[in-house]
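The values are calculated or read from the model by the stated rules, or taken from the named source; none is laboratory data. Since we're looking at a predicted model, the values are computed, not measured. FYI the Cβ positions are ideal-geometry reconstructions off the backbone, even for glycines, and counts take in every protein chain you see.
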Amino acid sequence: MTTLCILYAGGTIGMVPGKQGLEPRPGVMNAALAPLIPAGIDWELVEYAPLIDSSNAAPADWGRLAADLAARRERYDGFVVLHGTDTLAHTASALAFLLPGFGKPVAVTGSMRPLFEPGSDAPANVALAIAAASHDRLAEVVVPFAGRVWRGCRVRKADSASDDAFVAPNDAPLYADGRWFPERLLAVDAAGFRPRATRLDRDVALIWLAPGATVTAAAQTLALPGLAGAVLVGYGAGNVPDRLAPALAQAAARGVVLASVTQAWRGGVAPGCYAASAALAAAGAVPCGDMTPEAALAKLTVLLSDLDDAGAVRAAMAAVACGERRADA
């Protein structure tokens with residue numbers, strides 16, 4: 001008998017019509033899920049109170065989910081997290097970094113339409129998540145959605161309306177067209193489970209650059225008191241405007257840990273390719289290859305909360321932890 005724990009955090013999947021539109025309604029999910037659970041699976045539902053609107057999700061919610069998963073690790077064979085789609089990629093990425101060596105599948109999914117709506121995509125996503133959480137060779141955080149299963153720290157929300165809402169621009173699916181690809185799965189970590197600190201209380205900024213006044217705003221963000229880290233989402237191969245160089249240098253001098261990713265949908269940063277990347281290199285920014293902005297933000301947030309030494313944070317940021325980027329990117 002396979003044992004699964006389903007953590008219902010919130011999202012469109014569990015919403016019902018209300019006076020002002022769709023709204024969460026506690027207490028209805030257990031009965032709604034029961035017909036979707038195959039025979040031979042013993043399951044428990046944990047419903048969060050209050051339910052989280054994913055647009056309001058914060059690092060504290062990532063930490064709570066990770067702590068709840070860790071506390072139940074020995075009791076279940078696998079886990080499903082039902083979550084809103086707006087920040088699902090952030091949460092899936094964070095859980096991947098918060099639960100190194102977890103050794104069991106954690107399937108994070110949601111839906112674009114409520115479970116109670118006729119023709120909803122929710123039943124298929126839940127069924128695929130249950131299959132992923134029951135997989136005896138899967139030992140990582142994944143996102144099952146619209147008939148495919150993606151590595152959790154590689155996905156991005158690519159569509160605000162279509163059922164096929166998630167994709168990993170620089171990675172192949174772990175499951176697609178009705179079949180798993182065992183060669184793409186992460187091996188179970190022989191070192192075992194090493195939970196990280198789940199109190200994510202360091203301030204980390206994601207700075208998306210654009211021509212014009214955004215550069216001034218970026219410099220102001222880098223100067224914020226208490227800022228511990230910043231992910232610079234630059235142009236192309238990791239380029240930033242020359243006039244941002246002083247702010248980068250000053251932030252680095254204050255101990256702010258910097259990392260860089262690209263705005264480009266595919267490919268990654270390539271430091272040194274253009275002179276416009278020199279300011280980042282001079283400030284000690286960690287080039288994150290083809291990592292997504294969501295994954296880079298989550299990883300830096302987790303590391304800054306878990307490690308005391310900035311050098312150790314930079315080293316860990318540069319290393320591949322859970323398939324979040326290509327090793328050669």
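Can you tell me which residues in region 155-165 are farther than 15 Å from Val141 by Cα and crowded, with 20+ Cβ neighbours inside 10 Å?
Ala165
Report yes if some residue within region 46-56 is more than 30 Å from Asp136 (Cα to Cα) and among the hydroxyl-bearing types (Ser, Thr, Tyr); otherwise report no.
Yes; the residues of region 46-56 include at least one that is more than 30 Å from Asp136 (Cα to Cα) and among the hydroxyl-bearing types (Ser, Thr, Tyr).
So, in region 135-163, exactly how many residues are part of a loop (DSSP other than H, G, I, E, B), small (Gly, Ala, Ser) and at negative phi?
5
What do you reckon, is Thr301 among the hydroxyl-bearing types (Ser, Thr, Tyr) and free of Cβ contacts under 8 Å to residues at least 40 places away in the same chain?
no
Based on what the data block shows, is Arg72 of a type in the set (Lys, Arg) and over 20 Å from the mean Cα position of the chain (by Cα)?
For Arg72, the condition - of a type in the set (Lys, Arg) and over 20 Å from the mean Cα position of the chain (by Cα) - is met.
Based on this model, can you work out whether Ala70 counts as buried (at least 22 other Cβ atoms within 10 Å of the Cβ), under 20 Å from Thr198 (Cα atoms) and touching a Phe, Trp or Tyr at 6+ places or on another chain (Cβ under 8 Å)?
no
Within region 223-250, work out how many residues are within 28 Å of Arg326 (Cβ to Cβ) and either out of contact with any Ser or Thr (no Cβ under 8 Å at 6 or more places or on another chain) or of a type outside the set (A, V, I, L, M) (or both).
Number of matching residues: 10.
So that you can scan it fast, the table gives a plain yes or no per residue for (1) out of contact with any helix residue (DSSP H, G or I) (no Cβ under 6 Å at 6 or more places or on another chain); (2) farther than 18 Å from Leu138 by Cβ; (3) free of Cβ contacts under 8 Å to residues at least 40 places away in the same chain; (4) among the charged types (D, E, K, R):
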position	(1), (2), (3), (4)
Asp42	yes, yes, no, yes
Asp77	yes, no, no, yes
Thr87	no, yes, yes, no
Ala94	no, yes, no, no
Phe97	no, no, no, no
Pro100	yes, no, no, no
Gly103	yes, no, no, no
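Could you list, in sequence order, the residues of region 221-262 that are out of contact with any strand residue (DSSP E or B) (no Cβ under 8 Å at 6 or more places or on another chain), among the aliphatic types (A, V, I, L, M) and more than 20 Å from Arg202 (Cβ to Cβ)?
Leu244, Ala245, Ala249
Please verify whether Ala132 is outside any helix (DSSP H, G or I), more than 12 Å from the chain's Cα centre (by Cα) and not acidic (Asp, Glu), treating the condition exactly as stated.
no
Looking at region 116-139, is at least one residue over 23 Å from Asn30 (Cβ atoms), in the same structural domain as Leu51 (by TED's automatic domain parsing), crowded, with 24+ Cβ neighbours inside 10 Å and in contact (Cβ under 8 Å) with a residue 12 or more places away in the chain?
yes
Within region 13-35, which residues are at pLDDT below 95 and buried (at least 17 other Cβ atoms within 10 Å of the Cβ)?
Correct list: Gly14, Met15, Pro24, Met29, Ala32.
Provide a single number: the residues in region 300-325 that are in contact with a Cys (Cβ under 8 Å, 6 or more places away or on another chain) and either basic (Lys, Arg) or surrounded by 22 or more Cβ atoms within 10 Å (Cβ to Cβ) (or both).
Total meeting the criteria: 4.
Quick check on region 35-52. Is at least one of its residues of a type outside the set (Ser, Thr, Tyr), within 26 Å of Leu206 (Cα to Cα) and within 26 Å of the chain's Cα centre (by Cα)?
Yes - at least one qualifying residue is present in region 35-52.
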